[in-house]
Amino acid sequence: MRILRAGDHKRMPWKNGKGETVEIALFPPGASINDFDWRISMATVAEDGPFSIFPSIDRTLAILDGNGMVLDVAGSKPVVLTMASDPLAFPADIPVAARLEDGAITDLNVMTRRDGLTHTLIRIDVDGGRTVPLSPSTCLLLCHFGALSFRRDGETGALAAGDALLIEDATATVLKIDGEATCYLASITPG
């Protein structure tokens, strides 16, 4: 397990040059925007426009802050995403356009290379103690709001808002967390 502190996340321009991404984690380490196997990042969307195209990539997006946006994914009906919405999965290699509902938003993106990986993204609201099942995969727990402590297999630690816990090659086990927080758990599996 490795804690990734908010202040250490890498900032970089969007592939289409119209904004900035805060990269939380990617694999393999040092990969570029064009050759990663998986990537987890946050971005602020401040204007309407198209998403960057990522060939052979699947993407899941959740709204972290703001009043939401409408996503027009080619071949599908437009979808309104808000902070209350479940994360939305879609291919990252087809045209997608975003229209903001009322001002800028911040989103969370999980992206995996389609030919070898799959992923899930879920929101977890923590109010006190709870146990989070982990799939046998790579898992990343992002603490978005609040703070929490965690325990797994004798290891302990704490996360503040913006911090993440990266668990690589997790065996089927559980993570015990305690606190008051809104978190997102990304699980990346071969497949």
| task | Evaluate the following for I33: is it modelled with pLDDT of 95 or more and either part of a strand (DSSP E or B) or of a type in the set (V, I, T) (or both)? | result | no
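Look through region 2-24, keep the residues that are part of a loop (DSSP other than H, G, I, E, B) and at pLDDT 90 or above, and return whichever of them is least open to solvent (accessible area, probe 1.4 Å). Steps first, please.
Of region 2-24, the ones part of a loop (DSSP other than H, G, I, E, B) are 5, 9, 14-19.
Narrowing the set further to residues that are at pLDDT 90 or above leaves 5, 9.
Details: R5: 99, H9: 21 Å².
If we take residues in region 2-24 being part of a loop (DSSP other than H, G, I, E, B) and at pLDDT 90 or above, then H9 is least open to solvent (accessible area, probe 1.4 Å).
Hey, among F51, F27, which residue is open to solvent by 10 Å² or more (accessible area, probe 1.4 Å) and either under 22 Å from T82 (Cβ atoms) or among the charged types (D, E, K, R) (or both)? Even if it seems obvious, please write down each step before you answer.
Numbers: F27 fails: either under 22 Å from T82 (Cβ atoms) or among the charged types (D, E, K, R) (or both).
Of the residues listed, the single one that is open to solvent by 10 Å² or more (accessible area, probe 1.4 Å) and either under 22 Å from T82 (Cβ atoms) or among the charged types (D, E, K, R) (or both) is F51.
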| Across region 88-102, what is the total count of residues that are farther than 22 Å from Y184 by Cα and either without any contact (Cβ under 8 Å) to a residue 40 or more places away in the chain or open to solvent by 30 Å² or more (accessible area, probe 1.4 Å) (or both)? | 7
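Can we say L141 is part of a strand (DSSP E or B) and modelled with pLDDT of 95 or more? Break it down into steps so the answer makes sense when it comes.
On the way: part of a strand (DSSP E or B): yes; modelled with pLDDT of 95 or more: yes.
Criteria met by L141.
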| task | Tell me, yes or no, whether region 144-156 has at least one residue that is surrounded by fewer than 21 Cβ atoms within 10 Å (Cβ to Cβ), modelled with pLDDT of 95 or more and touching a helix residue (DSSP H, G or I) at 6+ places or on another chain (Cβ under 8 Å). | result | no
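The values are calculated or read from the model by the stated rules, or taken from the named source; none is laboratory data. Here the structure is a predicted model, which is why all the values come from computation and not from measurement. When we count neighbours, we look across all protein chains shown, and the Cβ atoms used for this are built from the backbone with ideal geometry, even at glycine. Accessible surface is based on the protein model in full, side chains and every heavy atom, while ligands, DNA and RNA are left aside. Shrake-Rupley method; radii C 1.70, N 1.55, O 1.52, S 1.80 Å.
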